[in-house]
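One structure is given below, encoded as structure tokens.
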Amino acid sequence: MAKVILEGVSKSYTKSAAAVQDIHLEIKDREFMVLVGPSGCGKTTLLRLIAGLEEPSLGKIFIGGREVTHLSPRDRDIAMVFQNYALYPHLTIFENMAFGLKLRKIPSVEIKKRVQEVSSMLGIEMLLNRKPRELSGGQRQRAAMGRAIVREPKLFLMDEPLSNLDAQFRVQMRAELRKLHERIGATTLYVTHDQTEAMTLGHRIALMNNGVLQQVDTPLNLYHYPDNLFAAGFIGTPAMNFFDGKIKLKGSGLSLSVKDFEIAIPLENRSDLLPYLDKEVVVGIRPNGVLLESDLPQTERFKAVVEMIEPLGSETYVYLKWGNEGQLLTSVLSSSASLSFNGEVSFSFNKGDFYFFDKETGQRLIDREAVKKKIKLL
């Protein structure tokens, strides 16, 4: 049993700013939880608090039903994997992997057995007699993971372990990490700033910004049902488009007034948006909801100028300037799309893909269950 519970955990280094603020989080036994957010959001600080490398200013930390708030790292039964591998350069890979077990006075026969089993699992059994300098970056990362795994801890803490690897090898290591977790089944907290890693690795994702948890959810829920502007803008590639608009009454329905344009709002959103009548809101739409040329409906077409084109093989990102103020929009097209820089194009919105947010608080306006129903109908 290695459930992790954080109750009101905060950490301040100065009186004026908190690195982590009032965190309430439960990581389930055997869960792979990913902690994601931009640089400086507090995710590594939170990891260090759980590891015992820092003490919280406020709050309590529990691991496996036992409070560990003030316990030293060695008494928490955890293992960490760092971004920079942290292997001892003068020791062989076998000695690196066995080091922690020797400190715990595990019998040498048991140490050898564990190291051989784990190195075989990671595909580095032929490298055990080499020094770290003789290994590639990916092999060193596997050795660092192996050193953590042989300890058989209750909890794995991983601090951006793949960030030093090239793009192709990161993809391979992500798949290996998922397989490894399924095989071992240990509770894992994984820190990254890479949303692709978060979406592909985590059973759930805890999204942070400015030391505050923004949303804790499954990857697909986080993508489809973001709770606020930050979650909507951070998750998804390319990022969600945002623009301001005013809610207006139009006959029995509502419309969205954007600069000199007016866009009808789907009827199913009426009850949620009526309280915002004649008020400005923030509208979000994913790039695949910005339709160009042949995909356009017959009504509500707009003109824009192509600012930039990024062909990526199977698809193309198109960046548009819309209206007199040059509102920027991103659209995703098939790779066969034929467009030119600074050329004028027609576009429209798939209005079923609109998200609405309060301009002051940044919170989503439409009820989550209503959004779920909308997505099922599409």
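Quick one, can you get me the convex hull of the C-alpha atoms of the range 97-178 expressed as volume per residue in Å³? Provide the component values of the computation, followed by the final result.
Values: hull volume 8.5 nm³, N = 82.
Per residue, the Cα convex hull of the range 97-178 comes to 104 Å³.
Would you mind getting the accessible area per residue of the chain, heavy atoms of the protein chains only, 1.4 Å probe, in Å²? Don't skip to the end; give the middle numbers.
Numbers: 18300 Å² over 378 residues.
I get 48 Å² per residue for the chain.
What span do the alpha-carbon atoms of the range 155-294 cover on each of the three principal axes, reported in whole Å from largest to smallest?
Dimensions of the range 155-294 along the principal axes of its Cα atoms: 60, 34, 26 Å.
Just to be sure I understand the model, the point goes 7 Å from the Cα along the line to the Cβ. What's the resulting L339 to F261 distance in nm?
In this crude spin-label approximation the distance works out to 1.3 nm.
Could you run the Debye sum over the Cα atoms of the range 89-139, one equal point scatterer each and no solvent, and tell me log10 of I(q)/I(0) at q = 0.15, 0.23, 0.31, 0.32 Å⁻¹, two decimals?
Taken in order of the listed q values, log10 I(q)/I(0) reads -0.38, -0.85, -1.23, -1.26.
What's the carbon and sulfur percent of the chain's accessible surface, probe 1.4 angstrom, rounded to a whole number?
Details: 8980 of 18300 Å².
Answer for the chain: carbon and sulfur cover 49 percent of the accessible area.
Kindly give Rg over Rh for the range 1-153, based on alpha-carbon atoms, with the Kirkwood expression for the hydrodynamic radius.
1.02
Can you pull the Rg over Rh of the range 1-78, Cα-only, Kirkwood? Spell out each step's value before the answer.
Details: Rg = 12.1 Å, Rh = 12.8 Å.
Reported Rg/Rh, Kirkwood definition of Rh: 0.95.
What aspartates and glutamates sit close enough to K321 to cross-link, taking a C-alpha to C-alpha distance under 16 Å and skipping anything fewer than 8 places away on the same chain?
Reachable aspartates and glutamates: D244, D260, E293, E307, E310, E344.
Given Cα positions, please report Rg to Rh for the range 128-231, the hydrodynamic radius being the Kirkwood one. Intermediate values should be presented prior to the final figure.
Details: Rg = 15.4 Å, Rh = 15.2 Å.
Answer for the range 128-231: 1.01.
Given labels modelled 7 Å from the Cα in the Cβ direction, how far is it in nm from L53 to E315?
The two pseudo-label positions are separated by 3.5 nm.
Quick one: net charge around Q214, please, counting Lys, Arg +1 and Asp, Glu -1 for every other residue with C-beta under 12 Å from its C-beta. Don't skip to the answer; put the middle values down first.
Values: positive: K43, R364; negative: D217, D227.
Residues close to Q214 contribute a combined charge of 0.
Which of the DSSP-defined H helices in the chain satisfy a minimum axial length of 20 Å, computed from C-alpha atoms, and a minimum mean Kyte-Doolittle hydropathy of -1.0?
Numbers: long enough: 108-122 (21 Å, -0.16); 167-184 (25 Å, -0.81).
Those that clear 20 Å and a mean of -1.0 are 108-122, 167-184.
Dividing the alpha-carbon Rg of the range 214-271 by 2.2 N^0.38 Å yields what? Numbers along the way, then the final one.
Numbers: Rg = 14.3 Å, N = 58, 2.2 N^0.38 = 10.3 Å.
Taking the Cα Rg and dividing by 2.2 N^0.38 Å, one obtains 1.39.
In square nanometres, what is the average projected area of the Cα convex hull of the chain?
Working: hull surface 91.7 nm².
Orientation-averaged projected area of the Cα hull: 22.9 nm².
Grab the Cα-Cα distance for R133 and H90, subtract it from 0.36 nm times how many residues apart they are, and report the gain in nm with one decimal.
Between R133 and H90, full extension yields an extra 14.6 nm.
Over every pair of different alpha-carbon atoms in the range 34-103, take the mean of 1/r and invert it; report that Kirkwood radius in Å. Don't skip to the end; give the middle numbers.
On the way: mean 1/r = 0.0704 Å⁻¹.
Evaluated on the range 34-103, it is 14.2 Å.
The values are calculated or read from the model by the stated rules, or taken from the named source; none is laboratory data. No experiment lies behind these values; they were computed from the predicted model shown. Cβ atoms come from the backbone with ideal geometry, glycine included; neighbour counts cover every protein chain shown. Surface areas here come from the heavy atoms of the whole protein model, side chains and all, with no ligands, DNA or RNA. Shrake-Rupley method; radii C 1.70, N 1.55, O 1.52, S 1.80 Å.
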